[in-house]
Amino acid sequence: MIVMTGINIQPFIPPSYAQPNDDTGQKQPVDAPVLSRSKRGVALEAALWPQFSTVRISLMEMTKEQEKFIKDNINKWAPYINLKLEFTKELDGDIRIKADNDLLGGNSYYGTQGKQTAGAGEPTMNIGFKGGLNELNARVIMHEFGHALGLAHEHQHPENTLDLNFERIRKYHTEKNEPSAHEWFFPFDSQTVVTSPYDQASVMHYTILKDFRNSGHYVEGGSELSEGDKQFARKLYPIPRPPVPPRWWNLYNGHVPSSRA
């Protein structure tokens, strides 16, 4: 996985096969400082939430079933971060999520950028519910909330093992009237990133068609949080370890032994 040290992330609306469908780059500053304290994943330091802060999440225009589905999948990140996630039906949340029953996939701002950029009451994340409350849409929620935490895409690791055929990718997207989409498969320059092992199981990794690889092998990408995702989240938002009681506390059931003359 990777940590960027000075690279720009632009909007991307990927093709229909590449679930989750997401557009994450809205108005990312060109020279935004990026994370250097973490060892795993891809993240933008400028978009990270303040440590131990409360992040209010507005749930907009959705059914009770959709609300529960979104909460359940967002909360899969909760054990690995020091943020307090507070859900509300008010429209003034730091993250504002809108349900779209006609959308397959989703889109999100990176981290705090939505709060800084989106208009008052406007969504900072859209979640598609085309097809209902299914495994694909659960993956979309986990992926998009990863972006809302400040994470970027894993398949652009400079040491990825994908061996992509960029000519085929370019041709595919040109035929789909997506002339620039192929650029979002380019790996990051190794001079602009700090790397740790590439994680093909990451929920932040896109599906890769077999025709896009010289090997002809399909890559599904993560459908759940990988161990790498969990470790990365812990590095970004570290949770303090509880103090370890001294040995005598356990030996004497919590009582200090009396001194004897």
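The values are calculated or read from the model by the stated rules, or taken from the named source; none is laboratory data. Remember, predicted model here, so these are calculated numbers, not experimental data. No Cβ is skipped: glycine too gets one built from the backbone with ideal geometry, and neighbour counts run over all protein chains shown.
For the reader, a short list of remarks on this structure follows.
- Test result for ASP163, at negative phi and in contact (Cβ under 8 Å) with a residue 40 or more places away in the chain: no
- Scan of the range 140-181 for residues that are out of contact with any Phe, Trp or Tyr (no Cβ under 9 Å at 6 or more places or on another chain) and within 12 Å of ILE208 (Cβ to Cβ), ordered by number: ASP163
- Candidate set from the range 70-100 (those that are in contact with a strand residue (DSSP E or B) (Cβ under 8 Å, 6 or more places away or on another chain) and polar (S, T, N, Q)); member that is nearest to SER58 (Cα to Cα): THR88
- The residues in the range 166-188 that are in contact (Cβ under 8 Å) with a residue 40 or more places away in the chain and not acidic (Asp, Glu) can be counted, and the count is 8.
- Being among the charged types (D, E, K, R) and surrounded by fewer than 16 Cβ atoms within 10 Å (Cβ to Cβ) is a description that applies to GLU227.
- In the range 175-203, the residue that is surrounded by the fewest Cβ atoms within 10 Å (Cβ to Cβ) out of those that are in a loop (DSSP other than H, G, I, E, B), touching a strand residue (DSSP E or B) at 6+ places or on another chain (Cβ under 9 Å) and at pLDDT below 90 is PHE186.
Quick grid of which residues meet (1) under 16 Å from LEU151 (Cβ atoms); (2) more than 18 Å from the chain's Cα centre (by Cα):
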| position | (1), (2) |
| --- | --- |
| ILE97 | no, no |
| ASN101 | no, yes |
| ASN107 | yes, no |
| THR112 | yes, no |
| LYS115 | no, no |
| GLU122 | no, yes |
| GLY128 | no, no |
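- Within the range 130-140, the set of residues being among the aliphatic types (A, V, I, L, M) and buried (at least 24 other Cβ atoms within 10 Å of the Cβ) comprises VAL140 only.
- Once the range 96-126 is narrowed to residues that are touching a Phe, Trp or Tyr at 6+ places or on another chain (Cβ under 6 Å) and closer than 15 Å to PHE69 by Cβ, the residue that is surrounded by the fewest Cβ atoms within 10 Å (Cβ to Cβ) is ASN101.
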